[in-house]
Amino acid sequence: MKMTKQEKYEQRQQKKAAKAEKERAERELRSDKQRKTDLKYMKSAITQAKRAYSKGEVPIGCVIVRDGKIIGRGYNRRNTDNSTLSHAEITAIRKASKELHDWRLDGCTLYVTLEPCQMCAGAIVQARISRVVMAADNPKAGCGGSIINLLQMDQFMHKAEVERGIMKEEASELLSRFFEELRVKKGEEQSAQIKNDWIN
């Protein structure tokens, strides 16, 4: 029996709908898998932040991952090293570059517990890091979207994919606890200055 134009149209529509549903289900599965991966590696970044915390440093941590393997780790050491450059991201980028014997880190994902500052965001772009996953926002100094988004500027040759808010509460709580303890330990004025130095 020959199909009418209407029946052919309805059959095509059913095939399109079935294909769209299959693609949606596959996207959800990939998204769920990616979220689990992001949680796994952000936990590693938080472990790095806790190392900074244990040394009396502002607790910021970072890991860089390529092909399911951590190739660079870093935590804030600015006061320990007496260096403006001792941010978690910069240390992790250095270690990852050394591991790969290449300054180009394309194909890598950087996980960081606090939105990068202008220096770190610039280094991420320069290193050609493909994806950046951030925990806590940095509304006073963040250059991954809060103040400016250096990671995704059309004017640059490279833009990173950005994911925000993975384990935000845990990272924010660690920072809040650090500054609260610092206020008690060193007094309100000095604590405010240290917080101001980091968050501004």
Counting only residues that are in a loop (DSSP other than H, G, I, E, B) and over 20 Å from residue 86 (Cβ atoms), which one in the range 142-154 is most open to solvent (accessible area, probe 1.4 Å)? 154
If residue 106 satisfies every condition in (1) more than 26 Å from residue 36 (Cβ to Cβ); (2) open to solvent by 20 Å² or more (accessible area, probe 1.4 Å); (3) assigned to a loop (DSSP other than H, G, I, E, B); (4) touching a Lys or Arg at 6+ places or on another chain (Cβ under 8 Å) but one, which is the exception? (1)
Scan the range 124-141 and give yes if some residue there is open to solvent by less than 10 Å² (accessible area, probe 1.4 Å), among the small types (Gly, Ala, Ser), at negative phi and part of a helix (DSSP H, G or I), otherwise no. no
Among what's in the range 19-71 and is of a type in the set (S, T, N, Q), modelled with pLDDT of 95 or more and out of contact with any helix residue (DSSP H, G or I) (no Cβ under 7 Å at 6 or more places or on another chain), pick the residue that is farthest from residue 137 (Cα to Cα). 54
Given the criterion under 21 Å from residue 174 (Cα atoms), over 13 Å from the mean Cα position of the chain (by Cα) and open to solvent by 10 Å² or more (accessible area, probe 1.4 Å), identify the matching residue among 159, 95, 69, 50. 50
Based on what the data block shows, is residue 44 part of a loop (DSSP other than H, G, I, E, B) and either among the small types (Gly, Ala, Ser) or open to solvent by less than 10 Å² (accessible area, probe 1.4 Å) (or both)? no
Suppose we filter the range 1-41 for residues that are farther than 30 Å from residue 61 by Cβ, open to solvent by less than 100 Å² (accessible area, probe 1.4 Å) and of a type outside the set (Asp, Glu); how many remain? 10
Can you tell me which residue is farthest from residue 96 (Cα to Cα) among those in the range 53-66 that are small (Gly, Ala, Ser) and open to solvent by less than 60 Å² (accessible area, probe 1.4 Å)? 56
If we scan the range 53-68, do we find a residue that is free of Cβ contacts under 8 Å to residues at least 60 places away in the same chain and assigned to a helix (DSSP H, G or I)? yes
Scan the range 74-103 residue by residue and report those that are in a strand (DSSP E or B) and either closer than 19 Å to residue 162 by Cα or of a type in the set (Phe, Trp, Tyr) (or both). 75
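The values are calculated or read from the model by the stated rules, or taken from the named source; none is laboratory data. Small disclaimer: the values here were computed from a predicted structure and weren't measured. Backbone-built Cβ (ideal geometry, glycine too); neighbour counts: all protein chains shown. Note: areas computed on protein heavy atoms with side chains; ligands, DNA, RNA excluded. Shrake-Rupley method; radii C 1.70, N 1.55, O 1.52, S 1.80 Å.
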